[in-house]
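Shown next, in structure tokens, is the structure this report addresses.
The values are calculated or read from the model by the stated rules, or taken from the named source; none is laboratory data. None of these values were measured; they are calculated from a predicted model. Every residue, glycine as well, gets a Cβ built from its backbone with ideal geometry; the counts of neighbours run over all protein chains shown. Calculation scope for accessible area: heavy atoms of the full protein, side chains included, ligands and nucleic acids excluded. Shrake-Rupley method; radii C 1.70, N 1.55, O 1.52, S 1.80 Å.
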Amino acid sequence: MRAAMTRLADGEADLPAFEAAGALRTAYHAVERMRAHGSEGRGLSAGALDVLIRLSTSGQGISIGDLARAAGVSSRNVTGLVDTLERDGLVRRVPDPEDRRSVLAEITPAGQAWIEAFRKPSQLAMRAMFQGFTPEELLAFRDLCLRLAANQHRLAAHLRQIGPRT
């Protein structure tokens, strides 16, 4: 892997960034495999699980557009996830009290029960995944990941602003 990263990098100065990106991708896939194992075994995709978790913590309904923005995906994608969750009885659509033309997605009691049943296995899995990390290391890791995400958002905004290269 180091040889491949060395070929991509422009010399030794860039190599740590490429190696960090490769390590982050490996770690991301490991966490996602664990999440998928936990959620799909219970009948939900990772995307549907994300929507259900957001709804479970909101205390009120959330618009499809807001769910999509929070997840960084299209409204069409979230609509399909809400359709599936609604069909399973975990989510329902309710009128938006502030806009008669809009609807909100809200979690049902069955959806809250699903989340409660998922909570303990999730806690055990995260403890196992992050075994050996100190609380300080976890905070530093979280902060570094959030800095990376913020950099990506700034870069994406810049790229949208300058448009495609011809």
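Structure values in brief
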item: At R0 = 45 Å, FRET efficiency that the Cβ-Cβ distance of ALA125 and GLN161 yields, to 0.05; result: 0.65
item: Largest-first principal axis extents, alpha carbons of region 105-166, Å; result: 51, 38, 17
item: Backbone HN-Hα couplings from phi across region 30-36 [Karplus 6.51/-1.76/1.60, Hz, Gly and Pro as x]; result: 5, 5, 5, 4, 5, 5, 5
item: Farthest toward positive dipole pole in the chain [+1 Lys/Arg, -1 Asp/Glu at C-beta], among ALA140, ALA113, THR84; result: THR84
item: Virtual spin-label span in nm between HIS29 and ALA117, 7 Å along Cα→Cβ; result: 3.2
item: Amide N of region 111-130 lying under 15 Å from the label point, which is placed 7 angstrom from the Cα of ARG42 along Cα→Cβ; result: 111-127
item: Average accessible area per residue (Å²) across region 50-121 - probe 1.4 Å, nucleic acids and ligands excluded; result: 60
